[in-house]
Every structure is written in structure tokens, then in C-alpha cells.
Amino acid sequence: FSATFQGWVSVLAEVMKSQRIMDSSHAARALANLDRETVHEKYPDGVYLLHPQCRSSQPIKADVLFVHGLLGAAFKTWRQQDIEQSADEKELDVEDEYSECWPKTWLASDFPMLRIISVEYDTHLSDWKAKCPVESYRESIAYRSSELLRKLRAAGIGDRPLIWMSHSMGGLLVKKMLLDASKDPEMDSIVNNTQGIVFYSVPHHGSRLAEYSVNVRFLLFPSVEVKELSKDSPALKALNDDFLSFAKDKKFPVLSFAETLPTRVGRMLSLHVVPMESADLGIGELIPVEVSHLNICKPKNKDSFLYQHTLKFIQETLARQLRS
């Protein structure tokens, strides 16, 4: 058994060196789950450890957790912005290599003492494909919240100071998780250790994509997720009202970014998926950025305003932990 175990460890260690971020992250998760000597957390399906991926003597001071939105993913949502370049420009380009996942490369390099985790869950724009109607409840924010909270607690979220980073619908999920955790004695350490939240174009008051889907029939059978993003959704309003009073009471530092450029949706449609007024939670700093909905969480480079301001928020919010 021991020889077989060591054999698997060697294979996984080799895969972890892969340039393909998905392969290396799957291997890192498997190795962390096998390492019972130094790793006490479990990383369930859909919870990816981006940093540290190797044993280190450096103590971890805090956690940073990334939650994607509708049609997003644990890695691709958080990649560097795609920039069109001519062949000549590419030859002259002396910048660092393109980042497939800036939290794993840039953030880990700037803050090696942080544990960085990204989560992944399935989302759908449409319920067009036939499936059992009973399964629809699995798409609701309420179901996702309880499922993800359980996984995150197993991964040790709540054991140390925590900053949440969320894009689009992922921000609604973060709000729901924090509210749910506050009502569960086994989860309240997640709330107590939350130090700050970053929202990248989160539709606190609904999304225009949902309006088009329902009113203009852009989608024939909009999914549960899309319906929940409708601005007249009672669940969305209740979630925002409850979270706002909760966040004010807890005095959570909040940083919100809002898109100002439209996003192309399909061949015919171009729209502001989350208009400025919807990205405004009502507390914290709200910063408009001249990018589309998809690029609001994809900095152009390490020197970009988007990345530097995110970095500054983490630095200031975790100042005490990073100093000690």
C-alpha cells in the first residue's frame, strides 16, 4: 500500500508542475487531501487551493476566497484580460507571461502569506435542455449557499481571517452564505472571521440580462438563476435588505466595482448587464471602471487600476494580520 501511495504522490507532484492551470490545480487539491501530516483541511469537489500548493514553513495569516458568477468558473473568470496584439507588438512585449488565473500568480506572489481558494459550481442561462423539474431547486441561491457553506467549512474557511472576492451572481451567493452562516452555530466562525468583501459588478438590485430574458424572450426558458436576478424578484430584494442591515451591524469593509461599458450578449444584443445603480450595495466604496461585465474581474496587468485597488483593499483590511 505504501509503495502505491508514494507512486500516486509522485504522479500528482509531476502533474502539479503542468502549465495547464486546471490540471495543476486538480493535482494540488488531491495532494492536499492526501497530506494528513501538515494539511488538516479537506478540499471537497469544486473547492480549489490556488496557494500555497506546496508545503511551506511560512504560516498562513488569512484566507482570500474567490466566488464566480453566472457561467463563470474557478479559473477562467479570474484570468488576465484578453488583449488583442499584432505580431510586432507580441515580439516587443517584455511583460510577464499572460496569467490564466491572476489570484494564483499575481496575488500569491504579492501576498505569499495568504491562503487563496477559488470555488466552482454549475450555472445555466436557460432550462431549455430537458431535465427533471425536481432538480431546479439545486440552481437556487438558497440551495447553493447551504451546499457551498458545508464544503467551505470542511476546507477550514472560518478558522482564520477571511476576505471574500465575488463576481456578478457570485456576490449574491456570498451575501446569502454570510446570512445563513450567521444563523448556524457551526458556521458562525465564518461570519466572525470575515474581514472584508469585494464585489465586482454584483447585481444587488437585479440584472438587465434577466429583464431581457423575461420580457423580450431573449431566452425561451430562463433558468432559476436568471429569474432570481430579475429586479422585481422578491427574493432578491429580501436578500439585499437583510444583508444591508446585517453588514452595517457587523461593520464589514466593502469595496464594489461597477462596469461602465456594455457587454455583447449573442449576435444582436449589447447591454450593461449590471448597471451602476444595481452594483451599488449602499455601503462601502463604489468605483466605476471603463470595462464590460466580463472584464470587470479581469485586470489588464499587475499595474492596472483594477488590480492595484484590489491589492490596496486587501492590504488595508488585513493590515493587522499581515504585520504580525
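Using a 1.4 angstrom probe on the protein heavy atoms only, line up SER245, SER24 by accessible area, largest first.
From most accessible down to least: SER245, SER24.
Just to confirm, what accessible area per residue do you get for segment 254-307 at 1.4 Å probe, in whole Å²?
47 Å²
At 1.4 Å probe size, put ASP188, ASP242 in order of accessible surface, largest to smallest.
Sorted descending by solvent-accessible area, the residues read ASP242, ASP188.
Could you compute the FRET efficiency for SER109 and SER270, with r as their C-beta to C-beta distance and R0 at 25 Å, rounded to 0.05?
According to the calculation, E is roughly 0.10.
Note down the accessible area of THR105, probe 1.4 Å, to the nearest 10 Å².
About 60 Å², ignoring ligands and nucleic acids.
Keeping all protein chains in place and using 1.4 angstrom, which order do SER57, SER145 fall into by accessible surface area, from largest down?
SER57, SER145
Considering only Cα-Cα distances, which of the following residue pairs are longer than 32 Å: LYS61/LYS175; LYS250/LYS298; LYS104/LYS237; LYS231/LYS302; LYS61/LYS231?
Checking Cα-Cα distances, LYS104/LYS237; LYS231/LYS302; LYS61/LYS231 exceed 32 Å.
Quick check on packing: order 175-183, 280-288, 199-207 by the mean number of other C-beta atoms within 10 Å, highest mean leading.
Per-residue Cβ counts within 10 Å, averaged per peptide and sorted highest first, yield 199-207, 175-183, 280-288.
Keeping all protein chains in the complex and leaving out DNA, RNA and ligands, what accessible area do you get for CYS54 with a 1.4 Å probe, in Å² to the nearest 10?
Rounded to the nearest 10, that gives 90 Å².
Once ligands and nucleic acids are excluded and a 1.4 Å probe is used, how much of MET187 is accessible, expressed in Å² to the nearest 10?
Roll a 1.4 Å probe over it and MET187 shows about 30 Å².
The values are calculated or read from the model by the stated rules, or taken from the named source; none is laboratory data. Everything quoted here is computed from the prediction, not taken from an experiment. Counting neighbours? That spans all protein chains shown, and the Cβs are built from the backbone with ideal geometry, glycine included. The area values use the complete protein model at the heavy-atom level, side chains included, leaving out ligands, DNA and RNA. Shrake-Rupley method; radii C 1.70, N 1.55, O 1.52, S 1.80 Å.
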